[in-house]
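Asks: Below you will find the structure I want to go over with you.
The values are calculated or read from the model by the stated rules, or taken from the named source; none is laboratory data. None of these values were measured; they are calculated from a predicted model. Neighbour counts are summed over all protein chains in view; Cβ atoms, including those assigned to glycine, are modelled from backbone coordinates with ideal geometry. Areas reflect the complete protein model, heavy atoms only, side chains present, ligands, DNA and RNA absent. Shrake-Rupley method; radii C 1.70, N 1.55, O 1.52, S 1.80 Å.
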Amino acid sequence: MILQEISYFFKHGQSEKVRELTLRGMAEGVMPSDIVNVLTSYMTELGIKFKNNEIFVPEVLIVARAFNAAIEVLEPIMEPSKVYTRGTVIIGTVEGDLHDIGKNLVKMMLKGNGFHVVDLGVDVKPETFVQAVITHNAQVLAMSALLTTTMIKIKETIDLLVKRGIRQQVYVLIGGAPVTTNYAKEVRADAYARDAGSVSELLIKRGFSKKVL
Ligand code: B1M
């Protein structure tokens, strides 16, 4: 019932209602993943309408805000243990790109799986990513790109890591709708993850294991 209510208000872009119902859902023991599934399945529908010019940027933006309102409630619940970390991840959406829903989901999953995450937000310049890797001595750099026109920024960031001589120190993980395994190979990223759920699994398989703080 509560999932249906969340779905209804989400489709109508009512952020406050979505926030309130997500809080209520948590109190009533609803699984966070069930709420995320309700939200993401509608985002796919929305994408088709957007592509077909049935809805426009303002409507999409309103729903995106409602999505992030739910994630803000769910994120602290997914906070990692205070006694261990699997490493530091720098995350952001590449320069020129304002899409942050997928990136926020990836962040939430990483945190929930014990990674320390530094979120640089959206429209992140290659230089900013590289500086953050150095400043935080990060083990992983996670870049999200949703536009075919901004994917190139992933390559530019990796090239800059090479130029600064730190490419080997950081594991580069990329994702986002237009990104593929082949693209990851082409730009010499270490890995591509198809969805937020597979990111932590992939990193843990690659040896990012728990370190006691
Ligand atoms: Co934009 N947009 N948008 N948009 N938008 C797309 C991406 C588009 C495919 C829509 C379409 O035409 N069908 C299209 C891109 C076409 C292309 O390049 N091939 C598009 C366009 C064209 C644009 C504008 C140019 C439109 C315009 O202004 N005329 C403009 C660009 C603005 C900019 O960024 N500079 C624009 C604007 C916007 C809004 C601001 C209105 C809004 C974003 C709001 C926000 O994010 N806060 C928006 C939205 C919401 C979308 C759609 C509808 C939904 C994206 C989304 O959030 N999906 C999208 C259509 C679509 O994707 N179906 C579309 C839900 C989310 C959970 O999925 O982000 O794919 P996604 O994340 C997935 C995976 O990709 C993966 O995990 C998630 C699932 O678990 N993932 C990673 C993502 N990042 C990852 C990183 C990883 C690993 C996995 O490791 C690091």
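Asks: Using only protein heavy atoms and a 1.4 Å probe, report how much of Met26 is accessible, in Å² to the nearest 10.
Replies: For Met26, solvent-accessible area is about 40 Å².
Asks: Within the set Lys103/Lys163; Lys153/Lys205; Lys17/Lys155, which residue pairs have Cα atoms separated by over 32 Å?
Replies: Values: Lys103/Lys163 26 Å; Lys153/Lys205 27 Å; Lys17/Lys155 40 Å.
Pairs exceeding 32 Å: Lys17/Lys155.
Asks: Over the chain, with a Gaussian network built from C-alpha contacts below 10 Å, which listed residue (Thr150, Thr44, Thr181) shows the highest mean-square fluctuation?
Replies: Thr44
Asks: Relative to the Cα centre, what is the charge dipole magnitude of the range 63-126, using +1 at the beta carbon of each Lys and Arg, -1 at the beta carbon of each Asp and Glu, and rounding to the nearest 20 debye? List each step's numbers first, then the result.
Replies: Details: 7 positive and 8 negative charges, 49 e Å.
With only Lys, Arg, Asp and Glu charged at Cβ, the dipole is about 240 debye.
Asks: Can you give me the Cα centroid spacing of the range 23-64 and the range 129-143 in angstrom?
Replies: For the range 23-64 versus the range 129-143, the Cα centre distance is 30 Å.
Asks: What is the list of residues in the range 175-204 whose amide nitrogen lies under 20 Å from a point 7 angstrom out from the Cα of Asp159, following Cα to Cβ?
Replies: So the set is 175, 179-180, 182-191.
Asks: For the chain, report the accessible area per residue in Å² (1.4 Å probe, heavy atoms, rounded to an integer). Don't skip to the answer; put the middle values down first.
Replies: On the way: 11060 Å² over 213 residues.
Per residue, the chain has an accessible area of 52 Å².
Asks: With the chain treated as a Gaussian network of Cα nodes joined by springs under 10 Å, which of Gly47, Gly96, Gly25 yields the largest mean-square fluctuation?
Replies: Residue with maximal mean-square fluctuation among Gly47, Gly96, Gly25: Gly47.
Asks: Compute the length gained on full extension between Glu201 and Thr149: take 0.36 nm times their separation in residues and subtract their Cα-Cα distance, giving the result in nm to one decimal.
Replies: So the extension gain works out to 15.8 nm.
Asks: Here's something else I'd like to know. What angle, in degrees between 0 and 90 and rounded to the nearest 10, separates the Cα long axis of helix 196-205 from the longest principal axis of the Cα atoms of the chain?
Replies: 30 degrees
Asks: I'd like the accessible area for Ile77: 1.4 Å probe, protein heavy atoms, all chains in place, Å² to the nearest 10.
Replies: Surface accessible to solvent at Ile77 totals approximately 90 Å².
Asks: About its Cα centre, how strong a charge dipole does the chain have in debye, to the nearest 20, once Lys and Arg get +1 and Asp and Glu get -1 at the Cβ? It would help to have the intermediate numbers written out before the result.
Replies: On the way: 25 positive and 23 negative charges, 169 e Å.
Taking the Cα centre of the chain as origin, the dipole is about 820 debye.
Asks: Given 10 Å bins starting at zero, what is the percent of C-alpha pairs of the range 125-213 in each, up to the one with the largest pair distance?
Replies: It works out to 16, 51, 30, 3, 0, in whole percents.
Asks: Related question: Mind checking the full-extension length gain between Gln168 and Arg65? Use 0.36 nm per residue of separation minus the Cα-Cα distance, one decimal, nm.
Replies: Details: separation 103, 0.36 × 103 = 37.08 nm, distance 3.71 nm.
Working it through step by step, the gained length comes to 33.4 nm.
Asks: So, one more: Express the carbon and sulfur contribution to the solvent-accessible surface of the range 1-111 as a percent, rounded to the nearest whole number, probe 1.4 angstrom. If you can, show how the numbers build up before the last one.
Replies: On the way: 3360 of 5630 Å².
For the range 1-111, the apolar C and S fraction of the accessible surface comes to 60 percent.
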